[in-house]
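The values are calculated or read from the model by the stated rules, or taken from the named source; none is laboratory data. Model, not experiment: these values are computed from the prediction. Please note: Cβ atoms are built from the backbone with ideal geometry, for glycine as well, and neighbour counts cover all protein chains shown. The accessibility values were calculated without ligands, DNA or RNA, using every heavy atom of the protein model including side chains. Shrake-Rupley method; radii C 1.70, N 1.55, O 1.52, S 1.80 Å.
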Amino acid sequence: MTKEALSCVHQGTSMEHLAITIQIYLRMDRIDLAKQTLSTMKRADEESILTQLCSVYISLATGKSQAQEAVHTLGSLKEQYGASPMLLNLNAVAFMVGGRYENAEKCLMDAVTEGGGESSDTLINLIVCYQHLDKGLDEIGPLLERMKIGYPFHPFVQGLARVEGAFEREAVKYRVAA
């Protein structure tokens, strides 16, 4: 399906087309092609918010070595446009990619207060962050429940339900009679 999506936007020349093309390349794990497309975007308008966001996405896909660059770019965007839940979530992801989970947790808590609630992205990022901080089920469990109740059709919740169901089916096989 990604190849079909790419064929739809590949010939486009607008910044939006290029941004979607980068997203598709990243989904295909073709960072090299994403970087080439980002170069095209930078030649057209280096200061565009789409160009800067695509640069962040590529930095995050590249890994820990580029995480600090993503944090810096996101800091500039927050100064320029204000701290939105999306930017705070992206900043948290950049911190997590860089292994700075305490900073990520702070960004996610800011996203909860700034955004006026908990989005599915914020909840999932908090769950991941808390797992890396070795927080127990007493803190992660309520987040999972809020995710299940608030976003029952989210792919994360559906995947979790499949895994929980598979675990239950396998656990029956090893149940010891008392």
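Test Ala177 against the stated conditions and say whether it is among the small types (Gly, Ala, Ser), surrounded by fewer than 10 Cβ atoms within 10 Å (Cβ to Cβ), in a loop (DSSP other than H, G, I, E, B) and more than 16 Å from the chain's Cα centre (by Cα). Yes; evaluated as a whole, the condition is true for this residue.
The condition of being among the charged types (D, E, K, R) and either in contact with a strand residue (DSSP E or B) (Cβ under 8 Å, 6 or more places away or on another chain) or exposed (fewer than 14 other Cβ atoms within 10 Å of the Cβ) (or both) does not hold for Glu118.
When the test is whether a residue is touching a Lys or Arg at 6+ places or on another chain (Cβ under 6 Å), free of Cβ contacts under 8 Å to residues at least 60 places away in the same chain and either closer than 22 Å to Gln66 by Cα or of a type in the set (D, E, K, R) (or both), Leu87 passes it.
With respect to the conditions (1) open to solvent by 30 Å² or more (accessible area, probe 1.4 Å); (2) in a helix (DSSP H, G or I); (3) under 27 Å from Asp29 (Cα atoms); (4) in contact (Cβ under 8 Å) with a residue 24 or more places away in the chain, Gly99 lacks only one, and its number is (2).
Quick one: is Ala44 among the aliphatic types (A, V, I, L, M) and within 22 Å of Tyr130 (Cα to Cα)? When the stated conditions are applied, Ala44 does not pass them.
Met86 falls short on exactly one of the conditions (1) open to solvent by 80 Å² or more (accessible area, probe 1.4 Å); (2) modelled with pLDDT of 95 or more; (3) within 12 Å of the chain's Cα centre (by Cα), and that condition is (2).
Exactly one residue among Ala94, Ala111, Ala104 is of a type in the set (A, V, I, L, M, F, W, C), modelled with pLDDT under 95 and either in a helix (DSSP H, G or I) or open to solvent by 20 Å² or more (accessible area, probe 1.4 Å) (or both), and that residue is Ala111.
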